[in-house]
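In what follows, a structure is listed as structure tokens, so that the remarks can point back to it.
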Amino acid sequence: MFHILDFARSLSITTPEQMIEKAKGETAYLPCKFTLGPEDQGPLDIEWLLSPADNQKVDQVIILYSGDKIYDDYYQDLKGRVHFTSTDLKSGDASINVTNLQLSDIGTYQCKVKKAPGVGNKKIQLTVLVKPSGTRCYIDGSEEIGSDFKLKCEPREGSLPLRYEWQKLSNSQKLPTSWLPEMTSPVISVKNATTEYSGTYSCTVKNRVGSDQCLLRLDVVPPSNRAGTIAGAIVGILLALVLIGLIVFCCRKKRREEKYEKEVHHDIREDVPPPKSRTSTARSYLGSNHSSLGSMSPSNMEGYSKTQYNQVPSEDFERDPQSPTLPTAKVAAPNLSRMGAVPVMIPAQSKDGSIV
């Protein structure tokens, strides 16, 4: 009987083993309270270990109290996120908080308390769940009278199991009877839709750690003229093709015209000879007249020279406006042999009108 009483009064952890569920990002409180017996006189050591859920890692020490000091940098994944809740651990409270929970924190946590000769330990199962979030409501199909479509509710994330609840928020707020079996599922199948189905609906998604909601507006309308829509689209495409063809044709035509103008201009410049000078023209004129003089007799030369010499261009033979008669001189005719004409001496008149 004495030994039994001594055992009952030794170190004991009073917190029962339990399972805790928390949402990702929240803080988990893991309790570990103990009592000491009068014979527990050794130094107090407290140790928390984690057995990861994947069972691929050995038990990891995540925080330790020994020699009146706290060591909380043993496990890199929980560094800075695990703390003792009490400032006086000798008072019998070795509970901890794990902040900003992550899915990697899932596992079995074990609290060990030792004060020689007493030793005790307890295990706590921690589960981290993800709240439903990013839920989207939408309609899959055509919202036309007589058509079939589906109302869908999809959360972006959320730990299973998930529960769904549909509600109609507008009009009569009365749901069609055929929908009732699907009011707790993520999809509602609508058959032979009518305008009575129109309205605003809500979908609420829940799990053990949270919930999320989305809204959906349903407007059942008369069928659209699909044939007219398709025909209009085809006509529009054809008109666009014709317009593109006209633009291409005009551009090619303009390009050909520009090319033709360049070629014609280049040919004209190559075929046209350089213009003759006025002096060459005058000499040609004189050459032709002098050639005719060779065939004339002295009897008719006087009258011819008087009439013909007055027609010589002014550039080559300019008269003195003050003198009514030409000076007595002999002028050499230009070298006309190259031009095929016979060279002659141009006679000059004296003051009495006779030929010299």
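From the list ARG156, ARG217, ARG226, ARG163, the one residue that fits, being more than 30 Å from THR127 (Cα to Cα) and modelled with pLDDT of 90 or more, is ARG217. Could you check the range 55-86 and list, in sequence order, the residues that are closer than 22 Å to PRO43 by Cβ and assigned to a loop (DSSP other than H, G, I, E, B)? Answer for the range 55-86, where residues must be closer than 22 Å to PRO43 by Cβ and assigned to a loop (DSSP other than H, G, I, E, B): GLY67, ASP68, ASP72, ASP73, TYR74, THR85, SER86. Please determine, by comparing only the residues of the range 150-173 that are over 16 Å from THR204 (Cα atoms) and touching a helix residue (DSSP H, G or I) at 6+ places or on another chain (Cβ under 9 Å), which one is surrounded by the fewest Cβ atoms within 10 Å (Cβ to Cβ). Ranking the candidates gives SER172 first.
Whether a residue is in the same structural domain as VAL58 (by the TED database) and surrounded by fewer than 19 Cβ atoms within 10 Å (Cβ to Cβ) was assessed, and VAL119 passes this test. If you go through the range 184-207 and pick out every residue that is open to solvent by less than 80 Å² (accessible area, probe 1.4 Å), within 21 Å of LYS131 (Cα to Cα) and without any contact (Cβ under 8 Å) to a residue 24 or more places away in the chain, you end up with 1. In the range 93-107, the qualifying residues are those that are surrounded by fewer than 16 Cβ atoms within 10 Å (Cβ to Cβ) and either touching a strand residue (DSSP E or B) at 6+ places or on another chain (Cβ under 9 Å) or modelled with pLDDT under 95 (or both), and the one that is nearest to ILE63 (Cα to Cα) is ASN97.
The values are calculated or read from the model by the stated rules, or taken from the named source; none is laboratory data. All of these numbers come straight from a predicted model, not from anything done at the bench. All Cβ positions, even for glycine, are placed from backbone atoms using ideal geometry, and neighbour counts span all protein chains on display. Side chains included, ligands, DNA and RNA excluded: accessible areas come from the protein's heavy atoms. Shrake-Rupley method; radii C 1.70, N 1.55, O 1.52, S 1.80 Å.
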